[in-house]
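The values are calculated or read from the model by the stated rules, or taken from the named source; none is laboratory data. In this text the structure is predicted, and so the values were computed from the model without any measurement. Note that we place each Cβ from the backbone using ideal geometry, even for glycine, and neighbour counts take in every protein chain shown. In case anyone asks, the SASA skips ligands and DNA or RNA and just uses the protein heavy atoms, side chains included. Shrake-Rupley method; radii C 1.70, N 1.55, O 1.52, S 1.80 Å.
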Amino acid sequence: MRETTPFEKIDLHLIRVLHTVIAERSVSRAAVRLGMHQPAVSTALKRLRDLSGDPILVRSGSGMQPTDAALRMLQPSAEILQAAEHLFTEARAFDPRSAVRTFRIAASDYLDPQFLPKLVAYLKKHAPLCTVEIMALSHDVDYSGQLAHGDVDVVIGNWPQPPAELRMAQLFADDTVCLVSQNHPAVRRGWSAQDWLEAEHIAPMPTHPGAKGVIDDALNAQGLRRKIAVRCAHFGLMPQMVASSLLVLTTGRQFCERYAAQLPVAILAPPVPLPQMRYYQLWHDRTHHSSAGTWLREAVKNAAMQL
């Protein structure tokens, strides 16, 4: 009787668990992402440890960290999953009406608040059997790595210099304006550049380490610096904060106009020259020729054109 080799004990599900556990650095978070019960993920992790002879995840402080061997397995496991996904789906053109897959889109809520709802409505109308995951962009998210590993299909952003290794397509541009409370002194008497710079501003948390954002990059180029009194990770809450304070929010006109009809706020022109807010989508070479990826990017473009 032929002896079973370790390779024959590996199935695609086990590779998916391996990749997700390493990427999430947590059994519980991996379970949520995989739609599994945590004990089932722990059982799969034990099998992976037995097969690899490596602990894969080890305790580090209050959390878990992948071992060096696990980190070396991250990219190969992503490539295996990508190859398996494309094995049959790319053999024929992507048919959104019958396709069953998950679209993962990373975006911040600093976009026009109608953009993501329009996009989800479009996807569910034209690809009804597909699952959609809208993932947040935050300062601790390696979106470039997520695109490379296939954890995200598309990233939607507006920072000045996206990574050069990613592909990019413009979505729309928007004038930069300021949102203030109707009780802000500038509503009655206007403001000078100095008034604006000395006002208390509210700004989002950086989307990635070292990022300053479009506004502050433009100010730095002019030798100017504004006073940021509040930083908030939840962009959609900022208009309410502005409405009840003297804070100044500087962002795209479309975003501000959605809230101007709902809150006691006013839209003012900034007294310093600022560029338009330009929004785009990013993707990796790994999905550039994918028919499903091409369809998704066209859907993103269509949603942007409806604004």
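Having 1 or more residues that are in contact with a strand residue (DSSP E or B) (Cβ under 9 Å, 6 or more places away or on another chain) and surrounded by fewer than 16 Cβ atoms within 10 Å (Cβ to Cβ) is the bar; report the helices (runs of 4 or more DSSP H) wholly within the range 140-211 that clear it.
Helices (runs of 4 or more DSSP H) meeting the threshold: 185-189, 193-198.
The rows are residues; the columns are (1) free of Cβ contacts under 8 Å to residues at least 60 places away in the same chain; (2) within 21 Å of Val21 (Cβ to Cβ); (3) touching a helix residue (DSSP H, G or I) at 6+ places or on another chain (Cβ under 6 Å).
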position: Leu119; (1), (2), (3): no, no, yes
position: Lys124; (1), (2), (3): yes, no, no
position: Cys130; (1), (2), (3): yes, no, no
position: Val141; (1), (2), (3): no, yes, no
position: Gly145; (1), (2), (3): yes, yes, no
position: His149; (1), (2), (3): no, yes, yes
position: Trp159; (1), (2), (3): yes, no, no
position: Arg167; (1), (2), (3): no, no, no
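For residues that are exposed (fewer than 15 other Cβ atoms within 10 Å of the Cβ) and under 19 Å from Ala78 (Cα atoms), tally how many sit in the range 24-46.
Counting residues in the range 24-46 that are exposed (fewer than 15 other Cβ atoms within 10 Å of the Cβ) and under 19 Å from Ala78 (Cα atoms) gives 2.
Report, ordered by the first and then the second residue, all pairs with beta carbons closer than 9 Å, sequence separation of six or more or different chains, a first member in the range 227-240 that is closer than 20 Å to Gln114 by Cα, and a second member that is open to solvent by 70 Å² or more (accessible area, probe 1.4 Å) and of a type in the set (S, T, N, Q).
Pro239/Gln262
What are the pairs, 6+ residues apart or on separate chains, where a residue within the range 92-113 that is farther than 16 Å from Trp283 by Cβ and among the β-branched types (Val, Ile, Thr) has its Cβ under 9 Å from a residue that is at pLDDT 85 or above and surrounded by fewer than 21 Cβ atoms within 10 Å (Cβ to Cβ)?
The qualifying pairs are Val100/Leu129; Val100/Cys130; Val100/Thr131.
Given the conditions (1) over 20 Å from Gly236 (Cα atoms); (2) open to solvent by less than 50 Å² (accessible area, probe 1.4 Å); (3) small (Gly, Ala, Ser), which single one is not true for Ala260?
(1)
State all residues of the range 271-307 that are open to solvent by less than 30 Å² (accessible area, probe 1.4 Å), more than 25 Å from Pro96 (Cα to Cα) and either in a loop (DSSP other than H, G, I, E, B) or out of contact with any Ser or Thr (no Cβ under 8 Å at 6 or more places or on another chain) (or both); if no residue qualifies, say none.
Within the range 271-307, Val272, Tyr279 qualify.
Take the range 30-53 and flag every residue that is basic (Lys, Arg) and at pLDDT below 90.
Arg33
Given the criteria crowded, with 17+ Cβ neighbours inside 10 Å, basic (Lys, Arg), at pLDDT 85 or above and within 26 Å of Lys124 (Cβ to Cβ), does Arg104 qualify?
When the stated conditions are applied, Arg104 passes them.
Residue check: is Glu3 surrounded by fewer than 16 Cβ atoms within 10 Å (Cβ to Cβ), under 26 Å from His284 (Cα atoms) and at pLDDT below 90?
So Glu3 fails the test.
Is one or more of the residues making up the range 111-125 more than 26 Å from Gly252 (Cα to Cα), within 20 Å of the chain's Cα centre (by Cα), assigned to a helix (DSSP H, G or I) and at pLDDT below 90?
Looking for residues that are more than 26 Å from Gly252 (Cα to Cα), within 20 Å of the chain's Cα centre (by Cα), assigned to a helix (DSSP H, G or I) and at pLDDT below 90, one finds none in the range 111-125, hence no.
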